[in-house]
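Heads up, the thing below is written out as structure tokens.
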Amino acid sequence: MYTNKVKRIAAVHDLSGFGRVSLTVVIPILSSMGFQVCPLPTAVLSSHTQYPEFSILDLTDEMPRIIAEWKKLDVQFDAFYTGYLGAPRQVQIVSDFIDDFRQPDSLVVVDPVLGDNGRLYTNFDESMIREMRHLATKADVITPNLTELFYLMDKPYKADNTDEELKSYLRLLSDAGPQVVIITSVPVHEESHKTSVYAYNRVGDRYWKITCPYLPAHYPGTGDTFTGKSTAQSGYAYPKRQLRIDLKCSYVTRWRNLFLFLGYELIHYYTEMNKFRQQVYVICLEVTLLIR
Ligand code: PXL
């Protein structure tokens with residue numbers, strides 16, 4: 001058996017060459033936060049799927065081979081973190097992988113990557129949603145955005161939701177399995193420059209909400225950054241200490257002033273530069289899962 005004092009995490013995501021998403025952001029975040037990251041790649045792409053054209057090498061057939069070799073090596077994982085899965089069969093493979101390798105103390109984080117802005121990502125259909133619903137029930141923590149939340153609940157998407165409705169959605173998803181549910185990208189009613197994160201921890205039956213400025217720009221990969229950081233923070237001390245949610249909006253004032261100074265319009269033009277800023281911004285937001 002290969003044991004190690006450094007915590008080991010299986011990261012199930014694609015590898016997109018261009019565009020800061022999936023393994024390209026998850027590996028550096030988790031590694032710099034002290035994890036040994038073992039990637040189980042789901043696909044190799046030239047870029048993420050929101051570019052008009054991209055090449056894709058589907059690794060569905062390779063995944064069981066990788067898992068079988070890990071089995072022979074008796075590799076053990078302290079945590080599992082799943083993100084972009086390319087096909088319904090991959091969700092089944094990952095679900096079996098978790099069942100087979102998880103120990104009573106393992107932390108399972110599922111980011112149910114399905115879509116955004118009320119729409120499914122390219123190449124996904126109803127069967128992908130069905131499989132993802134099933135995988136989500138196995139997780140300790142899930143981090144859907146608002147769009148994915150509605151797909152998981154099998155309800156039509158609506159952007160405008162009251163606090164009471166959001167609380168009921170959180171409970172509904174948690175009742176299906178996950179102890180902690182975090183909903184990201186929740187628009188704030190009649191305040192287009194704000195966005196909220198809602199969360200629920202079944203242990204203690206507590207809810208959280210945090211609202212912060214919203215940059216009117218679209219950068220795929222911010223969800224991966226968010227969940228990667230949350231996973232690292234919760235995973236390190238887990239299971240010795242309970243999963244605890246600590247939502248705080250402590251973005252660095254320097255950055256905020258810079259954003260305000262530049263103005264939202266300008267931000268659209270310097271995409272690459274601001275992609276980096278947005279990620280710094282997300283990290284600074286500290287909407288995180290901490291350990292008691
Ligand atoms: O989590 C975002 C993401 C990851 N991987 C791929 C994607 C996207 C979002 O578009 O296309 C391949």
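The values are calculated or read from the model by the stated rules, or taken from the named source; none is laboratory data. These numbers were taken from a predicted model, which means no experiment stands behind them. So basically every Cβ, Gly included, is an ideal-geometry build from the backbone, and we count neighbours across all protein chains shown. Calculation scope for accessible area: heavy atoms of the full protein, side chains included, ligands and nucleic acids excluded. Shrake-Rupley method; radii C 1.70, N 1.55, O 1.52, S 1.80 Å.
The table that follows gives values for the structure above.
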item: Distance between modelled label sites at Tyr51 and Asp246, nm, 7 Å Cα→Cβ extension; result: 3.9
item: Formal net charge of residues neighbouring Asn145 (Cβ-Cβ distance under 10 Å; K, R +1; D, E -1); result: -3
item: Cα centroid separation, region 63-125 to region 158-209 (Å); result: 24
item: Built amide H within the under 5 Å cut-off of His48, gap 5+; result: Phe18
item: Modelled FRET efficiency - R0 41 Å, Lys155 with Ala217, Cβ distances, 0.05 increments; result: 0.90
item: Region 134-223: GluC sites (Glu not before Pro) in DSSP loop, at most 12 other beta carbons within 10 Å; result: Glu190
item: Peptides 194-206, 150-162, 105-117 ordered by average Cβ neighbours within 10 Å, highest first; result: 105-117, 194-206, 150-162
item: Within the accessible area of region 1-151 (1.4 Å probe), percent carbon and sulfur; result: 53
item: Cα gyration tensor category, rounded, prolate or oblate, for region 53-173 with a/c compared to 1.5; result: oblate
item: Residues of region 31-74: accessible area per residue with a 1.4 Å probe, Å²; result: 57
item: Global geometry of region 1-84, whether rounded, prolate or oblate, following the gyration tensor of its Cα atoms and the 1.5 cut on a/c; result: oblate
